[in-house]
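Below is the structure I would like to discuss, written out as structure tokens.
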Amino acid sequence: MSILDIDDVDRLKRINDALLNRVERAMDQQRNAFSLFQTAIALEGQVRRRTDELTSTLRNLERTNAELARQKEISERADQSKTRFLAAASHDVLQPLHAAQLTMSALHDLQENERGRAMVAQVERALDTMNELLHTLLDISRLDAGVMVPNLSAVPLTPVIDSLLSDLRPIAEAKGLRLQTAIAGDHVRSDRTMLRRALQNLISNAIRYTDRGGVLIGTRRRGDMVAIEVVDTGCGIPLDQRERIFDEFHRGSAAKERAGRDGDCALGLGLSIVKRLVTALGHELSLTSEVGKGSRFRILASRCEALQGAGVPPSPAPRQARDAALSGRRILLVENDPDVIRAMSVLLEGWGCDHRAAACKGEALDILDQGFVPDLVIADQHLDHGDLGTRTVAVLLHRLGRRLPVILATADITETVMHQAEQLGAEFMAKPVKPAQLRALMAHMLARAP
């Protein structure tokens, strides 16, 4: 039926409305399709831009990573250079200082009047200060470079503190101070060398800033921990300085006053190295103080059991009691530094020793072949022709077919060298060596030798 044949007006209206609705829907669909098309084009453009941005970012990231890798390589090379420098500094910088201290000790014995001895003593004090400063700076550099790594073991506190007191008691007595101990026979899990260095700085500081009374070094148990305390009756530390005293080169009012009064040239590094050492060891460091009454420094470390078969190294005998034990003794000095050889020769002659010097393994063996059989060997670690003192001593002992007292005196204070010395049964002494301590140790070892 054609629409022209429909005479019903209402029906025509309905048909017309239906057609209009259909047309409107078609137009809406076309508009929606066109809108979707526009949206798709816009999204495609955005995706393209984001892809370009991401590609550019990835390229920048690759360039950044390449630069970081290059900088890391440069940093690693710098760290390796720093490590090599520290190893060289430990030997080359401290070696002439060692020779100077030996020479000044020999010069002191040659003085015939009190004025000459006083001048030599003044130079010796300056050398001691230089020695302390160099060791502190090297320790800080080693810790920063990651060269000084703790070798944790069961460390007996009694021999560590006793050896420190034998070094520091004369300084305390010269100031009229009492140096007392209250030590339990405990072991702590620590590194013996690093712990000793930290305690040495604490005790030295306590003595330096105490004018009356004394210093007490004590230990006490705290559950499964051990508190190692250094207590003094010194000037005390004001509350506003108790954090800053652990900063490098910080010197409080008391230190500045003492520098002006006594000529004390300490640079404020002692407590800084203590904090670094204690942190590296995983111990805790705390401080309590009262101005005018004194201070208490405490190191808290884990308590542990002694290792089976671990012996306690003997303390060197006092110098005066053993002087006669060196007279006529045969000493082989294995050393390649001419200044150290000359200084040691003067000292050994002054002590009445018959000695020979060798700069390398071959020269040492030649001395044995000439019929010189030493009672004691003093060896450096780094010798001529790349020879090492520990290996040279091992060859000498094998040639002699028996054990004899050996002192390894070296500026190479790495754990490897210390362990090698221990395996040889040798006593380890870090350069620069104090002549009085060397003489006392030599006398003690010779007195024990069969």
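The values are calculated or read from the model by the stated rules, or taken from the named source; none is laboratory data. Predicted, not measured: the structure shown is a model, and the values here were computed from it. Using ideal geometry, Cβ is built from the backbone for each residue, glycine included, and neighbour counts are taken over all protein chains shown. Side chains are part of the model used for accessible areas, which takes the heavy atoms of the whole protein and leaves out ligands, DNA and RNA. Shrake-Rupley method; radii C 1.70, N 1.55, O 1.52, S 1.80 Å.
I'm trying to understand the selection: among the residues of segment 294-322, which are among the charged types (D, E, K, R) and at pLDDT below 90?
Selection gives 305, 319, 322.
Show me the helices (runs of 4 or more DSSP H) found entirely inside segment 335-450 where at least 2 residues are under 31 Å from the mean Cα position of the chain (by Cα) and in contact (Cβ under 8 Å) with a residue 40 or more places away in the chain.
Values: elements: 338-350, 361-369, 389-400, 415-424, 435-448.
Here the list reads 338-350, 389-400, 415-424, 435-448.
Counting just the residues of segment 383-423 that are closer than 20 Å to residue 97 by Cα and among the hydroxyl-bearing types (Ser, Thr, Tyr), which one comes out surrounded by the fewest Cβ atoms within 10 Å (Cβ to Cβ)?
414
Search segment 26-50 for residues being open to solvent by 70 Å² or more (accessible area, probe 1.4 Å) and among the polar types (S, T, N, Q), and hand back the single one that is modelled with the highest pLDDT. I'd like the intermediate steps shown before the answer.
Filtering segment 26-50 down to residues open to solvent by 70 Å² or more (accessible area, probe 1.4 Å) leaves 27, 29-32, 34, 36-38, 41, 43-44, 46-50.
Next, only the ones that are among the polar types (S, T, N, Q) stay: 29-30, 32, 38, 46.
Values: 29: 64, 30: 64, 32: 66, 38: 72, 46: 81.
My answer is 46.
Given (1) open to solvent by 50 Å² or more (accessible area, probe 1.4 Å); (2) at pLDDT 85 or above; (3) more than 24 Å from residue 160 (Cα to Cα), identify the lone condition not met by residue 243.
(2)
May I ask you to list the residues in segment 262-279 that are open to solvent by 50 Å² or more (accessible area, probe 1.4 Å) and modelled with pLDDT of 85 or more?
Restricting attention to segment 262-279, the residues satisfying the condition of being open to solvent by 50 Å² or more (accessible area, probe 1.4 Å) are 262-263, 265, 267, 275-276, 279.
275, 276, 279 - these are the residues of segment 262-279 that are open to solvent by 50 Å² or more (accessible area, probe 1.4 Å) and modelled with pLDDT of 85 or more.
A further question follows. For segment 102-118, give me the residue count where each residue is surrounded by 13 or more Cβ atoms within 10 Å (Cβ to Cβ) and farther than 21 Å from residue 340 by Cα. Give the derivation first.
We begin by selecting, within segment 102-118, every residue surrounded by 13 or more Cβ atoms within 10 Å (Cβ to Cβ); these are 102-109, 111, 116-117.
Narrowing the set further to residues that are farther than 21 Å from residue 340 by Cα leaves 116-117.
So the count comes out to 2.
Based on what the data block shows, is residue 342 basic (Lys, Arg) and in contact with a helix residue (DSSP H, G or I) (Cβ under 7 Å, 6 or more places away or on another chain)?
Spelling it out, it is not the case that residue 342 is basic (Lys, Arg) and in contact with a helix residue (DSSP H, G or I) (Cβ under 7 Å, 6 or more places away or on another chain).
Within segment 147-203, considering only strands (runs of 3 or more DSSP E) that don't extend past its boundaries, which have at least 1 residues that are open to solvent by 60 Å² or more (accessible area, probe 1.4 Å)? Outline the logic, then answer.
Values: elements: 153-156, 178-182, 187-190.
Fully inside segment 147-203 and qualifying: 178-182, 187-190.
Can you run down the residue pairs with Cβ atoms below 8 Å, 6 or more apart or on separate chains, where the first is in segment 157-173 and among the β-branched types (Val, Ile, Thr) and the partner is part of a helix (DSSP H, G or I) and modelled with pLDDT of 90 or more?
160/195; 160/199; 161/199; 171/207
Sort through 162, 167, 186, 211 and tell me the only one that's over 18 Å from residue 283 (Cα atoms) and touching a Cys at 6+ places or on another chain (Cβ under 9 Å).
Working: 162 fails: touching a Cys at 6+ places or on another chain (Cβ under 9 Å); 167 fails: touching a Cys at 6+ places or on another chain (Cβ under 9 Å); 186 fails: over 18 Å from residue 283 (Cα atoms).
Among 162, 167, 186, 211, only 211 is over 18 Å from residue 283 (Cα atoms) and touching a Cys at 6+ places or on another chain (Cβ under 9 Å).
Identify all residues within segment 280-304 that are of a type in the set (Asp, Glu) and either open to solvent by less than 50 Å² (accessible area, probe 1.4 Å) or farther than 26 Å from residue 149 by Cβ (or both); write none if there are none. First the steps, then the outcome.
Filtering segment 280-304 down to residues of a type in the set (Asp, Glu) leaves 284, 290.
Of everything in segment 280-304, just one residue is of a type in the set (Asp, Glu) and either open to solvent by less than 50 Å² (accessible area, probe 1.4 Å) or farther than 26 Å from residue 149 by Cβ (or both), namely 290.
Quick test for you: out of 340, 346, pick the one residue that is closer than 23 Å to residue 94 by Cβ, buried (at least 22 other Cβ atoms within 10 Å of the Cβ), modelled with pLDDT under 95 and of a type in the set (A, V, I, L, M, F, W, C). Spell out how you get there, then give the answer.
Details: 346 fails: buried (at least 22 other Cβ atoms within 10 Å of the Cβ).
Matching residue, one of 340, 346: 340.
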